[in-house]
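One structure is given here, and the rest of the page talks about it.
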Amino acid sequence: MKKKILALLTAAACALPTLSLAACGGSGSDHEFTILAVKENTVNDYNKMQVFKDLNEATGKDVHWTFKTSTQYSQNTDPVGTKGIDAIYHSGFSNLQLSNYGKRNRIVAIDKYLDSMPNFKKILEKRPDIKEALKSPDGHIYSLPRIEEMGLKAYPNILFLNKKWVEKLIDGGNMPADVSLTKEDLVDGLDLSRADFKKILQKFNTVDMDGDGKAGNASGDEIPLAYVGGNWQGNESDLIASFGVPENREHKTIINNQVTFTIENEKWFDAMKELQGWYKEGLIRATSYTWDQDEFLAHGQDGDYGAFYWWEKETVVKESLRNDYIIVKPLKDDDGNRYVGVSNELEVEKSECVILSTCKDVKGLLSYFDKFFEPDYSAQLNYGSIAAGAFKAEKENGMLIPNDDHGEQSADDFRMRNAPYGVVYLTDEVWGKTVQMESRAKLRLERLDAYVKPYSFTGAKGIPNLNYTESELKDLSTYETSLGGNIKQQMLNWLRASNAPAKSEWTKFLSDNQTSINKIKKINQDAYDRYLKALGD
(Lines give C-alpha, C1' and ligand atoms only; values in the text may rest on other atoms or scores of the structure.)
Protein backbone atom coordinates (compact mmCIF):
# COMPACT_ATOMS: atom_id res chain seq x y z
CA MET A 1 0.00 0.00 0.00
CA LYS A 2 1.34 3.38 -0.88
CA LYS A 3 2.17 5.59 2.04
CA LYS A 4 0.86 9.11 2.23
CA ILE A 5 2.93 12.10 3.24
CA LEU A 6 1.63 14.85 5.45
CA ALA A 7 2.67 18.10 3.88
CA LEU A 8 2.58 21.01 6.25
CA LEU A 9 3.28 24.18 4.29
CA THR A 10 2.94 27.42 6.23
CA ALA A 11 2.99 29.66 3.16
CA ALA A 12 0.40 27.62 1.29
CA ALA A 13 -1.97 24.84 2.41
CA CYS A 14 -4.25 22.16 0.94
CA ALA A 15 -7.21 19.97 1.89
CA LEU A 16 -6.72 17.25 4.46
CA PRO A 17 -6.81 13.80 2.83
CA THR A 18 -7.29 10.67 4.88
CA LEU A 19 -3.97 9.43 6.24
CA SER A 20 -3.57 5.71 5.89
CA LEU A 21 -2.38 4.08 9.10
CA ALA A 22 -0.41 1.68 6.98
CA ALA A 23 1.66 4.66 5.81
CA CYS A 24 3.36 5.14 9.16
CA GLY A 25 7.12 5.54 9.34
CA GLY A 26 9.81 5.42 6.68
CA SER A 27 11.34 2.12 5.69
CA GLY A 28 15.05 1.85 4.94
CA SER A 29 14.53 -1.18 2.75
CA ASP A 30 11.97 0.18 0.28
CA HIS A 31 12.82 3.86 0.68
CA GLU A 32 9.25 4.89 1.34
CA PHE A 33 8.70 8.02 3.39
CA THR A 34 5.81 9.93 4.88
CA ILE A 35 6.18 13.71 5.13
CA LEU A 36 3.87 16.21 6.81
CA ALA A 37 3.47 19.68 5.22
CA VAL A 38 1.17 22.72 5.71
CA LYS A 39 -0.54 24.24 2.66
CA GLU A 40 -3.80 25.92 1.76
CA ASN A 41 -6.58 24.36 -0.25
CA THR A 42 -5.75 26.39 -3.38
CA VAL A 43 -2.34 24.73 -3.73
CA ASN A 44 -2.21 21.65 -5.93
CA ASP A 45 -1.65 18.20 -4.47
CA TYR A 46 2.09 17.65 -4.06
CA ASN A 47 1.67 14.03 -5.03
CA LYS A 48 0.56 15.21 -8.47
CA MET A 49 3.23 17.87 -8.96
CA GLN A 50 5.70 16.92 -11.68
CA VAL A 51 8.69 18.25 -9.75
CA PHE A 52 8.06 15.75 -6.94
CA LYS A 53 7.52 12.92 -9.41
CA ASP A 54 10.87 13.84 -10.96
CA LEU A 55 12.54 13.95 -7.54
CA ASN A 56 11.18 10.52 -6.66
CA GLU A 57 12.56 9.09 -9.88
CA ALA A 58 15.93 10.83 -9.59
CA THR A 59 16.52 9.69 -6.00
CA GLY A 60 14.84 6.28 -6.10
CA LYS A 61 12.78 7.29 -3.07
CA ASP A 62 9.05 6.71 -2.73
CA VAL A 63 7.84 9.88 -1.05
CA HIS A 64 4.19 10.77 -0.60
CA TRP A 65 2.47 13.80 0.87
CA THR A 66 -0.61 14.46 2.99
CA PHE A 67 -1.71 17.93 3.98
CA LYS A 68 -2.96 20.12 6.78
CA THR A 69 -3.87 23.77 6.45
CA SER A 70 -1.93 26.34 8.42
CA THR A 71 -4.93 26.71 10.75
CA GLN A 72 -5.09 22.97 11.39
CA TYR A 73 -1.35 22.84 11.93
CA SER A 74 -1.32 25.72 14.37
CA GLN A 75 -3.86 23.92 16.54
CA ASN A 76 -1.45 21.03 17.10
CA THR A 77 0.60 21.83 20.19
CA ASP A 78 3.07 19.03 19.43
CA PRO A 79 3.35 18.46 15.66
CA VAL A 80 6.51 16.41 16.15
CA GLY A 81 4.32 13.89 17.97
CA THR A 82 2.15 13.32 14.89
CA LYS A 83 1.99 9.57 14.27
CA GLY A 84 3.19 8.06 11.04
CA ILE A 85 5.40 10.79 9.63
CA ASP A 86 9.10 11.02 8.95
CA ALA A 87 9.47 14.76 8.45
CA ILE A 88 7.63 18.07 8.62
CA TYR A 89 7.90 20.37 5.61
CA HIS A 90 7.36 24.08 6.28
CA SER A 91 7.53 23.38 9.99
CA GLY A 92 7.79 27.06 10.90
CA PHE A 93 9.44 26.25 14.23
CA SER A 94 10.92 29.10 16.24
CA ASN A 95 14.56 29.03 17.33
CA LEU A 96 13.39 28.00 20.79
CA GLN A 97 11.29 25.13 19.41
CA LEU A 98 14.19 23.88 17.30
CA SER A 99 16.45 23.98 20.33
CA ASN A 100 13.98 22.23 22.61
CA TYR A 101 13.02 19.50 20.13
CA GLY A 102 16.70 18.95 19.27
CA LYS A 103 17.79 18.82 22.90
CA ARG A 104 15.13 16.20 23.61
CA ASN A 105 16.24 14.16 20.59
CA ARG A 106 12.83 14.45 18.92
CA ILE A 107 14.24 15.90 15.69
CA VAL A 108 17.47 14.96 13.94
CA ALA A 109 20.73 16.91 14.16
CA ILE A 110 21.20 17.20 10.40
CA ASP A 111 24.86 18.22 10.67
CA LYS A 112 25.63 14.65 11.79
CA TYR A 113 24.55 13.35 8.38
CA LEU A 114 26.26 15.74 5.98
CA ASP A 115 28.05 12.90 4.22
CA SER A 116 24.61 11.92 2.93
CA MET A 117 24.03 15.49 1.69
CA PRO A 118 26.88 16.52 -0.64
CA ASN A 119 25.01 19.55 -2.00
CA PHE A 120 24.10 20.92 1.40
CA LYS A 121 27.54 20.12 2.80
CA LYS A 122 29.16 22.10 -0.01
CA ILE A 123 26.89 25.09 0.70
CA LEU A 124 27.88 25.12 4.37
CA GLU A 125 31.56 24.94 3.44
CA LYS A 126 31.30 27.80 0.93
CA ARG A 127 29.01 29.97 3.05
CA PRO A 128 30.10 30.10 6.71
CA ASP A 129 27.50 32.83 7.26
CA ILE A 130 24.73 30.37 6.35
CA LYS A 131 26.25 27.68 8.55
CA GLU A 132 26.42 30.11 11.45
CA ALA A 133 22.82 31.23 10.87
CA LEU A 134 21.44 27.69 11.04
CA LYS A 135 23.07 26.63 14.31
CA SER A 136 21.14 26.10 17.52
CA PRO A 137 22.65 26.94 20.94
CA ASP A 138 24.30 23.50 21.17
CA GLY A 139 26.03 24.04 17.82
CA HIS A 140 23.87 21.56 15.88
CA ILE A 141 21.73 22.24 12.81
CA TYR A 142 18.21 20.90 13.28
CA SER A 143 16.45 22.15 10.16
CA LEU A 144 16.88 22.52 6.43
CA PRO A 145 16.66 26.13 5.22
CA ARG A 146 15.02 28.13 2.50
CA ILE A 147 17.65 30.37 0.87
CA GLU A 148 16.49 32.87 -1.74
CA GLU A 149 18.87 35.79 -2.06
CA MET A 150 17.61 38.49 -4.39
CA GLY A 151 18.21 41.69 -2.45
CA LEU A 152 14.49 42.40 -2.26
CA LYS A 153 13.39 41.70 1.29
CA ALA A 154 15.33 44.50 2.96
CA TYR A 155 13.06 47.06 1.29
CA PRO A 156 9.51 45.65 1.30
CA ASN A 157 7.65 48.89 0.49
CA ILE A 158 7.24 51.11 -2.56
CA LEU A 159 4.76 53.99 -2.54
CA PHE A 160 2.42 54.08 -5.55
CA LEU A 161 0.11 57.01 -6.40
CA ASN A 162 -3.03 56.96 -8.54
CA LYS A 163 -1.98 59.14 -11.47
CA LYS A 164 -5.47 59.15 -12.98
CA TRP A 165 -6.95 60.59 -9.82
CA VAL A 166 -4.35 63.34 -9.67
CA GLU A 167 -5.01 64.14 -13.34
CA LYS A 168 -8.72 64.40 -12.50
CA LEU A 169 -7.89 66.85 -9.72
CA ILE A 170 -5.81 68.92 -12.15
CA ASP A 171 -8.50 68.89 -14.86
CA GLY A 172 -11.21 69.80 -12.38
CA GLY A 173 -9.27 72.60 -10.77
CA ASN A 174 -9.28 70.71 -7.47
CA MET A 175 -5.56 70.46 -6.84
CA PRO A 176 -4.42 71.93 -3.49
CA ALA A 177 -3.51 75.55 -4.11
CA ASP A 178 0.08 75.22 -2.94
CA VAL A 179 0.85 71.85 -4.58
CA SER A 180 2.41 72.57 -7.95
CA LEU A 181 1.98 69.51 -10.14
CA THR A 182 1.33 69.23 -13.85
CA LYS A 183 0.37 66.14 -15.82
CA GLU A 184 3.91 66.06 -17.18
CA ASP A 185 5.20 65.59 -13.63
CA LEU A 186 3.19 62.38 -13.15
CA VAL A 187 5.85 59.78 -13.94
CA ASP A 188 7.74 57.23 -11.87
CA GLY A 189 10.00 58.91 -9.35
CA LEU A 190 7.54 61.68 -8.45
CA ASP A 191 9.03 64.06 -5.91
CA LEU A 192 6.63 64.89 -3.05
CA SER A 193 6.96 66.16 0.49
CA ARG A 194 4.90 64.43 3.15
CA ALA A 195 2.93 67.65 3.61
CA ASP A 196 2.04 67.84 -0.10
CA PHE A 197 1.20 64.14 -0.17
CA LYS A 198 -1.21 64.66 2.72
CA LYS A 199 -2.92 67.53 0.89
CA ILE A 200 -3.43 65.31 -2.16
CA LEU A 201 -4.89 62.56 0.04
CA GLN A 202 -7.28 65.11 1.55
CA LYS A 203 -8.59 65.88 -1.93
CA PHE A 204 -8.94 62.16 -2.67
CA ASN A 205 -11.06 61.99 0.48
CA THR A 206 -13.43 64.86 -0.37
CA VAL A 207 -13.77 64.72 -4.17
CA ASP A 208 -15.72 61.98 -5.98
CA MET A 209 -12.68 60.40 -7.58
CA ASP A 210 -14.29 57.34 -9.17
CA GLY A 211 -17.45 59.07 -10.38
CA ASP A 212 -19.92 56.95 -8.43
CA GLY A 213 -21.64 59.98 -6.94
CA LYS A 214 -20.02 59.53 -3.52
CA ALA A 215 -16.89 61.13 -2.18
CA GLY A 216 -14.44 58.96 -0.26
CA ASN A 217 -15.45 60.32 3.13
CA ALA A 218 -19.13 59.86 2.25
CA SER A 219 -18.99 56.05 2.18
CA GLY A 220 -17.59 55.92 -1.33
CA ASP A 221 -15.31 53.13 -2.52
CA GLU A 222 -12.29 55.40 -2.66
CA ILE A 223 -9.58 54.84 -0.07
CA PRO A 224 -7.02 57.69 0.01
CA LEU A 225 -4.08 55.67 1.38
CA ALA A 226 -3.95 51.90 1.85
CA TYR A 227 -1.48 49.48 3.39
CA VAL A 228 -1.49 46.39 5.62
CA GLY A 229 -0.41 47.45 9.09
CA GLY A 230 2.38 45.32 10.51
CA ASN A 231 2.55 43.08 7.43
CA TRP A 232 5.94 41.89 6.21
CA GLN A 233 5.43 43.89 3.00
CA GLY A 234 3.25 46.85 2.13
CA ASN A 235 3.20 48.16 5.70
CA GLU A 236 3.32 51.63 7.23
CA SER A 237 7.05 51.56 8.08
CA ASP A 238 8.26 53.89 5.33
CA LEU A 239 5.52 56.40 6.11
CA ILE A 240 6.80 56.50 9.69
CA ALA A 241 10.39 56.58 8.41
CA SER A 242 9.57 59.83 6.61
CA PHE A 243 9.68 61.52 10.02
CA GLY A 244 13.39 60.70 10.27
CA VAL A 245 13.41 57.33 12.01
CA PRO A 246 14.71 54.02 10.55
CA GLU A 247 11.43 52.17 11.03
CA ASN A 248 10.59 48.56 10.20
CA ARG A 249 7.67 46.43 11.30
CA GLU A 250 9.55 45.10 14.34
CA HIS A 251 10.61 48.63 15.36
CA LYS A 252 14.05 47.11 15.92
CA THR A 253 17.10 47.76 13.76
CA ILE A 254 20.89 48.05 13.77
CA ILE A 255 22.39 51.53 13.48
CA ASN A 256 26.19 51.67 13.22
CA ASN A 257 26.40 48.16 14.71
CA GLN A 258 24.19 49.03 17.69
CA VAL A 259 20.81 47.36 18.19
CA THR A 260 18.17 50.05 18.64
CA PHE A 261 14.41 50.37 19.08
CA THR A 262 12.74 53.02 16.96
CA ILE A 263 9.98 53.48 19.54
CA GLU A 264 12.53 55.20 21.80
CA ASN A 265 13.13 57.89 19.17
CA GLU A 266 10.99 60.99 19.70
CA LYS A 267 10.57 61.27 15.95
CA TRP A 268 8.72 57.95 16.06
CA PHE A 269 6.31 59.50 18.53
CA ASP A 270 6.01 62.55 16.26
CA ALA A 271 4.83 60.15 13.56
CA MET A 272 2.20 58.70 15.89
CA LYS A 273 0.85 62.17 16.65
CA GLU A 274 0.66 63.13 12.99
CA LEU A 275 -0.84 59.86 11.79
CA GLN A 276 -3.56 60.03 14.43
CA GLY A 277 -4.79 63.09 12.56
CA TRP A 278 -4.61 61.26 9.22
CA TYR A 279 -6.64 58.41 10.67
CA LYS A 280 -9.22 60.71 12.27
CA GLU A 281 -9.61 62.59 9.00
CA GLY A 282 -10.13 59.38 7.02
CA LEU A 283 -6.93 59.54 4.97
CA ILE A 284 -5.97 56.24 6.59
CA ARG A 285 -8.88 53.86 7.09
CA ALA A 286 -9.53 51.22 9.73
CA THR A 287 -9.11 48.62 6.98
CA SER A 288 -5.36 49.25 7.01
CA TYR A 289 -5.38 47.48 10.37
CA THR A 290 -8.24 45.01 9.92
CA TRP A 291 -7.70 43.62 6.42
CA ASP A 292 -5.18 40.88 5.92
CA GLN A 293 -2.92 40.71 2.89
CA ASP A 294 -5.42 38.83 0.72
CA GLU A 295 -8.24 41.29 1.48
CA PHE A 296 -5.97 44.23 0.68
CA LEU A 297 -5.05 42.73 -2.69
CA ALA A 298 -8.63 41.84 -3.55
CA HIS A 299 -9.93 45.35 -2.86
CA GLY A 300 -7.15 47.01 -4.82
CA GLN A 301 -7.77 45.28 -8.13
CA ASP A 302 -10.26 47.86 -9.46
CA GLY A 303 -8.11 50.90 -8.72
CA ASP A 304 -9.94 52.18 -5.64
CA TYR A 305 -6.75 53.19 -3.82
CA GLY A 306 -5.54 56.76 -4.14
CA ALA A 307 -2.12 55.60 -2.99
CA PHE A 308 -0.75 52.43 -1.47
CA TYR A 309 2.41 50.85 -0.13
CA TRP A 310 3.28 47.43 -1.54
CA TRP A 311 6.00 45.23 -2.97
CA GLU A 312 4.86 45.95 -6.53
CA LYS A 313 1.80 47.49 -8.19
CA GLU A 314 1.42 44.55 -10.56
CA THR A 315 0.05 42.41 -7.72
CA VAL A 316 -2.35 45.01 -6.35
CA VAL A 317 -4.21 46.29 -9.42
CA LYS A 318 -5.43 44.40 -12.46
CA GLU A 319 -3.43 44.60 -15.65
CA SER A 320 -5.65 47.15 -17.41
CA LEU A 321 -5.13 49.68 -14.57
CA ARG A 322 -1.44 49.28 -13.83
CA ASN A 323 -0.43 52.30 -15.89
CA ASP A 324 -2.73 54.40 -13.69
CA TYR A 325 -0.21 54.18 -10.84
CA ILE A 326 3.22 55.77 -10.60
CA ILE A 327 6.05 55.41 -8.09
CA VAL A 328 6.57 58.16 -5.53
CA LYS A 329 10.02 58.55 -4.06
CA PRO A 330 10.20 58.27 -0.24
CA LEU A 331 8.37 61.32 1.09
CA LYS A 332 10.46 64.34 2.07
CA ASP A 333 10.28 65.58 5.64
CA ASP A 334 9.98 69.25 6.61
CA ASP A 335 13.71 69.74 6.03
CA GLY A 336 13.64 68.16 2.58
CA ASN A 337 15.25 64.87 3.66
CA ARG A 338 14.08 61.38 2.69
CA TYR A 339 14.42 58.21 4.75
CA VAL A 340 13.53 54.54 4.50
CA GLY A 341 14.30 51.90 7.08
CA VAL A 342 15.71 48.43 6.49
CA SER A 343 13.59 45.40 7.32
CA ASN A 344 14.66 42.37 9.31
CA GLU A 345 13.16 39.97 6.79
CA LEU A 346 15.67 37.19 6.25
CA GLU A 347 16.78 35.66 2.98
CA VAL A 348 18.11 32.63 4.87
CA GLU A 349 15.08 31.13 6.60
CA LYS A 350 15.42 28.33 9.13
CA SER A 351 12.81 25.71 9.93
CA GLU A 352 11.63 24.89 6.43
CA CYS A 353 12.02 21.18 7.08
CA VAL A 354 12.80 19.01 10.10
CA ILE A 355 13.43 15.27 10.20
CA LEU A 356 11.85 13.34 13.06
CA SER A 357 14.05 11.07 15.15
CA THR A 358 11.54 8.29 14.57
CA CYS A 359 12.44 8.18 10.87
CA LYS A 360 13.87 4.73 10.15
CA ASP A 361 16.12 5.85 7.30
CA VAL A 362 17.45 9.32 8.11
CA LYS A 363 20.30 9.11 5.60
CA GLY A 364 17.93 8.05 2.83
CA LEU A 365 15.47 10.87 3.50
CA LEU A 366 18.21 13.48 3.77
CA SER A 367 19.73 12.33 0.48
CA TYR A 368 16.28 12.95 -1.05
CA PHE A 369 16.10 16.48 0.36
CA ASP A 370 19.68 17.14 -0.74
CA LYS A 371 18.43 17.15 -4.33
CA PHE A 372 16.29 20.20 -3.47
CA PHE A 373 19.46 22.30 -3.32
CA GLU A 374 20.32 21.65 -6.98
CA PRO A 375 19.50 24.72 -9.13
CA ASP A 376 17.01 23.12 -11.51
CA TYR A 377 15.03 21.59 -8.67
CA SER A 378 15.27 24.70 -6.48
CA ALA A 379 13.87 26.78 -9.33
CA GLN A 380 10.93 24.46 -9.94
CA LEU A 381 10.15 24.09 -6.24
CA ASN A 382 10.13 27.88 -5.96
CA TYR A 383 8.19 28.85 -9.09
CA GLY A 384 6.47 25.73 -10.40
CA SER A 385 7.59 22.95 -12.69
CA ILE A 386 8.55 23.17 -16.33
CA ALA A 387 5.64 20.82 -17.05
CA ALA A 388 3.23 23.22 -15.33
CA GLY A 389 4.43 26.11 -17.49
CA ALA A 390 6.59 27.97 -14.97
CA PHE A 391 9.58 27.92 -17.33
CA LYS A 392 10.13 27.67 -21.03
CA ALA A 393 10.43 24.07 -22.18
CA GLU A 394 13.89 24.61 -23.64
CA LYS A 395 16.83 26.11 -21.77
CA GLU A 396 18.68 29.09 -23.21
CA ASN A 397 22.45 29.13 -22.78
CA GLY A 398 22.06 26.44 -20.14
CA MET A 399 19.64 28.50 -18.09
CA LEU A 400 16.04 27.95 -17.08
CA ILE A 401 14.01 30.88 -18.40
CA PRO A 402 10.83 31.87 -16.51
CA ASN A 403 7.60 31.92 -18.46
CA ASP A 404 6.01 35.27 -17.61
CA ASP A 405 2.78 34.63 -19.53
CA HIS A 406 0.18 32.70 -17.54
CA GLY A 407 -2.83 34.02 -19.43
CA GLU A 408 -5.51 35.52 -17.22
CA GLN A 409 -3.84 34.02 -14.16
CA SER A 410 -1.50 36.34 -12.28
CA ALA A 411 2.08 35.26 -11.59
CA ASP A 412 1.32 35.17 -7.85
CA ASP A 413 -1.78 33.04 -8.31
CA PHE A 414 0.11 30.66 -10.60
CA ARG A 415 2.90 30.23 -8.05
CA MET A 416 0.52 29.76 -5.13
CA ARG A 417 -1.17 26.92 -6.99
CA ASN A 418 1.83 25.23 -8.58
CA ALA A 419 4.91 25.88 -6.45
CA PRO A 420 5.48 24.08 -3.13
CA TYR A 421 8.15 26.61 -2.06
CA GLY A 422 10.12 25.45 0.98
CA VAL A 423 13.66 24.12 0.80
CA VAL A 424 15.54 25.88 -2.02
CA TYR A 425 18.95 27.39 -2.73
CA LEU A 426 18.80 30.40 -5.06
CA THR A 427 21.69 32.84 -4.70
CA ASP A 428 23.99 34.96 -6.86
CA GLU A 429 25.86 31.87 -7.97
CA VAL A 430 22.57 30.50 -9.32
CA TRP A 431 20.91 33.63 -10.74
CA GLY A 432 22.19 34.45 -14.17
CA LYS A 433 24.12 31.20 -14.47
CA THR A 434 21.60 28.36 -14.24
CA VAL A 435 18.32 30.14 -13.51
CA GLN A 436 17.11 33.52 -14.72
CA MET A 437 15.05 35.73 -12.41
CA GLU A 438 11.44 36.46 -13.25
CA SER A 439 10.97 39.69 -15.21
CA ARG A 440 9.01 41.22 -12.34
CA ALA A 441 11.84 40.46 -9.89
CA LYS A 442 14.28 42.22 -12.19
CA LEU A 443 11.88 45.15 -12.48
CA ARG A 444 11.50 45.40 -8.73
CA LEU A 445 15.27 45.44 -8.26
CA GLU A 446 15.51 48.24 -10.81
CA ARG A 447 12.80 50.21 -9.00
CA LEU A 448 14.48 49.75 -5.63
CA ASP A 449 17.85 50.84 -7.00
CA ALA A 450 16.32 53.93 -8.59
CA TYR A 451 13.72 55.07 -6.07
CA VAL A 452 14.25 53.47 -2.65
CA LYS A 453 17.74 52.26 -1.75
CA PRO A 454 19.43 55.67 -2.22
CA TYR A 455 17.39 56.94 0.75
CA SER A 456 18.20 54.17 3.20
CA PHE A 457 18.77 55.57 6.68
CA THR A 458 22.49 56.16 7.21
CA GLY A 459 24.19 53.32 9.08
CA ALA A 460 21.04 51.19 9.17
CA LYS A 461 20.97 47.48 8.44
CA GLY A 462 18.66 44.61 9.24
CA ILE A 463 19.28 42.16 12.04
CA PRO A 464 20.77 38.97 10.54
CA ASN A 465 20.22 35.38 11.61
CA LEU A 466 21.71 35.35 15.10
CA ASN A 467 22.69 32.49 17.36
CA TYR A 468 21.26 32.78 20.85
CA THR A 469 22.04 30.81 23.97
CA GLU A 470 19.31 28.66 25.44
CA SER A 471 18.62 31.13 28.22
CA GLU A 472 18.54 34.01 25.71
CA LEU A 473 15.98 32.18 23.60
CA LYS A 474 13.76 31.65 26.63
CA ASP A 475 14.01 35.31 27.62
CA LEU A 476 13.29 36.48 24.06
CA SER A 477 10.26 34.24 23.88
CA THR A 478 8.87 35.98 26.95
CA TYR A 479 9.90 39.59 26.41
CA GLU A 480 9.43 39.88 22.64
CA THR A 481 5.93 38.46 22.71
CA SER A 482 4.92 40.84 25.47
CA LEU A 483 6.56 43.92 23.98
CA GLY A 484 5.38 43.24 20.44
CA GLY A 485 1.78 42.97 21.59
CA ASN A 486 2.07 46.12 23.70
CA ILE A 487 3.50 48.18 20.83
CA LYS A 488 0.82 47.03 18.40
CA GLN A 489 -1.99 47.79 20.82
CA GLN A 490 -0.57 51.18 21.81
CA MET A 491 -0.19 52.24 18.18
CA LEU A 492 -3.82 51.32 17.49
CA ASN A 493 -5.00 53.10 20.63
CA TRP A 494 -3.20 56.29 19.62
CA LEU A 495 -4.43 56.15 16.02
CA ARG A 496 -8.04 55.61 17.04
CA ALA A 497 -8.04 58.22 19.80
CA SER A 498 -10.15 61.37 19.54
CA ASN A 499 -7.11 63.55 20.18
CA ALA A 500 -3.42 63.28 19.37
CA PRO A 501 -1.43 61.57 22.14
CA ALA A 502 0.49 63.69 24.62
CA LYS A 503 4.23 63.27 25.06
CA SER A 504 3.60 62.13 28.64
CA GLU A 505 1.68 59.13 27.25
CA TRP A 506 4.69 58.14 25.17
CA THR A 507 7.15 58.48 28.06
CA LYS A 508 4.84 56.44 30.29
CA PHE A 509 4.55 53.77 27.60
CA LEU A 510 8.35 53.57 27.39
CA SER A 511 8.66 53.46 31.17
CA ASP A 512 6.12 50.65 31.44
CA ASN A 513 8.00 48.60 28.83
CA GLN A 514 11.59 49.60 29.60
CA THR A 515 12.55 46.27 31.15
CA SER A 516 11.51 44.40 28.00
CA ILE A 517 13.16 46.95 25.72
CA ASN A 518 16.48 46.81 27.56
CA LYS A 519 16.45 43.03 27.85
CA ILE A 520 15.74 42.50 24.14
CA LYS A 521 18.37 45.05 23.09
CA LYS A 522 21.05 43.48 25.28
CA ILE A 523 20.32 39.94 24.12
CA ASN A 524 20.39 40.94 20.47
CA GLN A 525 23.49 43.09 20.91
CA ASP A 526 25.37 40.25 22.60
CA ALA A 527 24.30 37.81 19.88
CA TYR A 528 25.17 40.29 17.14
CA ASP A 529 28.64 40.89 18.62
CA ARG A 530 29.19 37.12 18.69
CA TYR A 531 27.98 36.93 15.08
CA LEU A 532 30.50 39.54 13.94
CA LYS A 533 33.27 37.76 15.83
CA ALA A 534 32.36 34.38 14.36
CA LEU A 535 32.54 35.78 10.83
CA GLY A 536 35.75 37.63 11.56
CA ASP A 537 34.22 41.08 11.05
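The values are calculated or read from the model by the stated rules, or taken from the named source; none is laboratory data. Worth saying up front: this structure is predicted, and the values here are computed from it rather than measured. Because the Cβ atoms are built from the backbone with ideal geometry, glycine has one as well, and the counts that use them run over all protein chains shown. Side chains included, ligands, DNA and RNA excluded: accessible areas come from the protein's heavy atoms. Shrake-Rupley method; radii C 1.70, N 1.55, O 1.52, S 1.80 Å.
Of the residues L365, A226, Q276, the one whose Cα sits farthest toward the positive end of the charge dipole of the stretch 218-366, with +1 on the Cβ of Lys and Arg and -1 on the Cβ of Asp and Glu, is L365. The value of relative contact order for the chain, using C-alpha pairs under 8 Å at least six residues apart, is 21 percent. Gyration tensor analysis over the Cα atoms of the stretch 72-175 returns equivalent ellipsoid semi-axes of 45, 21, 12 Å (largest first, whole Å). Here the simple spin-label model places points 7 Å from the Cα toward Cβ, and for D171 and K318 these points are separated by 2.0 nm.
A simple packing score, the average count of other Cβ atoms within 10 Å per residue, orders the peptides 417-429, 493-505 as 417-429, 493-505, with the highest score first.
For K442, the lysines whose Cα comes closer than 22 Å to its Cα, not counting residues fewer than 8 places off in the same chain, are K153, K313, K318, K329, K392, K395, K433, K453.
When the gyration tensor of the stretch 322-370 is built from Cα positions, what are the square roots of 5 times its three eigenvalues, in whole Å, from largest to smallest?
Values: eigenvalues 485, 50, 11 Å².
One finds semi-axes of 49, 16, 7 Å for the stretch 322-370.
Any idea of the accessible area per residue across the stretch 149-213, 1.4 Å probe, to the nearest Å²? Spell out each step's value before the answer.
Working: 2630 Å² over 65 residues.
Normalised by residue count, the accessible surface of the stretch 149-213 is 41 Å².
Look at the dipole of the stretch 267-384 built from charges on Cβ: of S343, A307, L381, the Cα furthest out on the positive end belongs to S343. Given in Å, the Rg to one decimal and the Dmax to the nearest whole number for the Cα atoms of the chain are 24.6, 79.
Secondary-structure-derived ellipticity at 222 nm for the chain, considering helices only, amounts to -11000 deg cm²/dmol, per-run term -39500 (n - 2.57) for DSSP H runs with n ≥ 4. Here the chain has 45 percent of its accessible surface on carbon and sulfur atoms, given a 1.4 Å probe and all protein chains in place.
Toward the positive end of the charge dipole of the stretch 145-206, with +1 on the Cβ of Lys and Arg and -1 on the Cβ of Asp and Glu, the farthest Cα among P145, T206, N157 is that of T206. The spacing between the stretch 87-101 and the stretch 491-522, judged by their C-alpha centroids, is 32 Å.
Taken about its Cα centre, the chain carries a charge dipole of roughly 1460 debye when the Cβ of each Lys and Arg holds +1 and the Cβ of each Asp and Glu holds -1. A crude spin-label estimate for the pair T478 and D221, with each label 7 Å from Cα along the Cβ direction, gives 5.2 nm. Listed by chain and number, the aspartates and glutamates whose alpha-carbon sits under 13 Å from that of K199, ignoring those within fewer than 8 places in the same chain, are D178, E281.
With every protein chain left in place, what is the accessible area per residue of the stretch 288-394 in square angstrom, probe 1.4 Å? It would help to have the intermediate numbers written out before the result.
Values: 3930 Å² over 107 residues.
Solvent-accessible surface per residue comes out at 37 Å².
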